[in-house]
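The values are calculated or read from the model by the stated rules, or taken from the named source; none is laboratory data. Because the structure is a prediction, the values reported are computed rather than measured. Note that we place each Cβ from the backbone using ideal geometry, even for glycine, and neighbour counts take in every protein chain shown. Accessible surface areas use protein heavy atoms only, side chains included; no ligands, DNA or RNA. Shrake-Rupley method; radii C 1.70, N 1.55, O 1.52, S 1.80 Å.
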Amino acid sequence: MKKYNQIKGKGLPYILGEALLYNLFIIILIFLVNSYELSNLLNVSLIVVNIYELHYIFLYTTLHYVIEGDKIYIRGIWGFKNDVIKISCIEGYRRGSGDIKGVKLYGYGKNNFALGKSIIDDVGTTKMYVTSSKDIIYLKVGDICYAVSPENCNDFEEELIKQGVKSMAWELSFKKNINLYKDKKFLLPLIIVTIIISILILNPFILYLYGKLPAEMPLSFDSGFNAVKIGTGKQFAFKQMAYGVLNMALLFCMYYASYFYAKYDKKSAYKFIYVSLVASVLFLFIQFKILITF
């Protein structure tokens, strides 16, 4: 077994600085905004952002690579991140250095480091485990590539050559037709979001038609869930229906964004539909909380 530490790059201060700015911005908005709906959205955003930032901070600081037997292990976050590559599945490798040029799909990426997934010029869709662009090895495994930056890059390359992996260039190719509707990981959350949005729109409308809403209903709340504006049951119903329509618009945007991303990386497409799912669940929770309370 041979273990290779990552090259000590300059990406960590960038990640930490961006995390601090995001937190500061959202916290300021939380204090400035006096709306129950927006406050909940901001609180959820703060949690998601911090989980995302901490993931990449820990990945950057703990990342290392292991060649053991016929496998390459890319490990980080004390074993929670563990990508395994069978050396027999590697079609070839390419060594590079200098600025990383491409388009980030998700994660963190600058000219001198990249974590996550990106479309790299002349390489293709690539899982990036690069802490420094000083020395990079790209590994092609089917439709996906892996990029690593081991501290002892020469020794890492020699190990690849010993196991029959050859240096090569390859042509970029992307899938033309992606049928996400056949993918259960995409279809299931899409159906759930559609049902939730239907409830968001139809529930207040049906309650109003059948006279189940009180004559007066709160239309807006402060961050402590205290009513600050009172209106009629009709106004309440139409406002809640408007929230449902807004969620429907968000769903359409996320749906088409998913199809665009799926052309380059199918797994990256899933995250968009889950954004819509989280938003719709939050608004449904708020609607039912209002109806139960008032």
- Note on the structure: Around VAL228 (Cβ within 15 Å, Cβ-to-Cβ, excluding VAL228; K/R +1, D/E -1) the net charge comes to -1
- Query: Quick one: which of 44-54, 266-276 comes out on top by average Cβ neighbours within 10 Å, and what's the full order, highest first?
  - Reply: 266-276, 44-54
- For region 128-136, Karplus couplings with θ = phi - 60° (6.51, -1.76, 1.60), whole Hz, Gly/Pro x: 9, 10, 10, 8, 7, 7, 4, 8, 10
- Which angle between 0 and 90 degrees, to the nearest 10, do you get for helix 233-262 versus the longest principal axis of the chain when only C-alpha atoms count? 20 degrees
- Note on the structure: A chain fully extended from ALA215 to PHE288 at 0.36 nm per residue, minus the present Cα-Cα distance, gains in nm 24.5 nm
- XL table LYS8/LYS104; LYS8/LYS86; LYS162/LYS263; LYS8/LYS166; Cα-Cα > 32 Å flagged, in table order, is LYS162/LYS263
- Assuming R0 = 22 Å, what is the FRET efficiency of GLN235 and SER198, from their Cβ-Cβ distance, to the nearest 0.05? 0.55
- Query: Just in region 180-218: which chymotrypsin sites (Phe, Trp or Tyr not before Pro) are loop by DSSP and have at most 15 other Cβ atoms within 10 Å?
  - Reply: TYR210
- Task: DSSP loop (so not H, G, I, E, B), at most 16 other Cβ within 10 Å: list which trypsin sites (Lys or Arg not before Pro) in region 1-57 pass both filters.
- Result: LYS8, LYS10
- Near the amide H of GLY102, under 5 Å away, which other amide H atoms are found, from residues 5 or more places off or on another chain, if H is placed in the peptide plane? ASP121
- Query: Binned at 10 Å from 0, what are the whole-percent values of the Cα-Cα distance distribution for region 28-77, short to long?
  - Reply: 22, 28, 20, 16, 10, 4
- Compute the long axis of helix 11-32 from its Cα atoms, compare it with the longest principal axis of the Cα atoms of the chain, and write down the angle in degrees, 0 to 90, nearest 10. 0 degrees
- Message: Leaving out ligands and nucleic acids, and using a 1.4 Å probe, what accessible area per residue does the chain come to in Å²?
- Response: 54 Å²
- Item | Sequence ranges 231-239, 17-25, ranked by mean other-Cβ count within 10 angstrom, highest first | 231-239, 17-25
- Query: What FRET efficiency do you get for LYS8 and LEU32 if R0 is 41 Å and r is their Cβ-Cβ distance, rounded to the nearest 0.05?
  - Reply: 0.55
- Using a cut-off of 13 Å between beta-carbons, work out the net charge of the residues near LEU277 (Lys and Arg +1, Asp and Glu -1, LEU277 not included). +2
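Can I get the semi-axes of the chain's equivalent ellipsoid? Compute them from the C-alpha gyration tensor as square roots of 5 times the eigenvalues, in angstrom, largest first.
Semi-axes from the Cα gyration tensor: 48, 22, 14 Å.
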- Query: Roughly what would the spin-label model give for ASP155 and LEU188, points 7 Å off Cα along C-beta, in nm?
  - Reply: 4.4 nm
- Task: Which order do the peptides 30-38, 140-148 take when ranked by the mean count of other beta-carbon atoms within 10 Å per residue, highest first?
- Result: 140-148, 30-38
- Query: Between ASN111 and LEU172, what length comes free when the chain is fully extended (0.36 nm per residue of separation minus the Cα-Cα distance, one decimal in nm)?
  - Reply: 19.9 nm
- Message: Output wanted: per-residue J couplings in Hz (rounded whole) for region 54-69, from phi through Karplus 6.51 cos²θ - 1.76 cosθ + 1.60, θ = phi - 60°, x for Gly and Pro.
- Response: 4, 4, 7, 5, 5, 4, 4, 7, 10, 5, 7, 10, 10, 10, 9, x
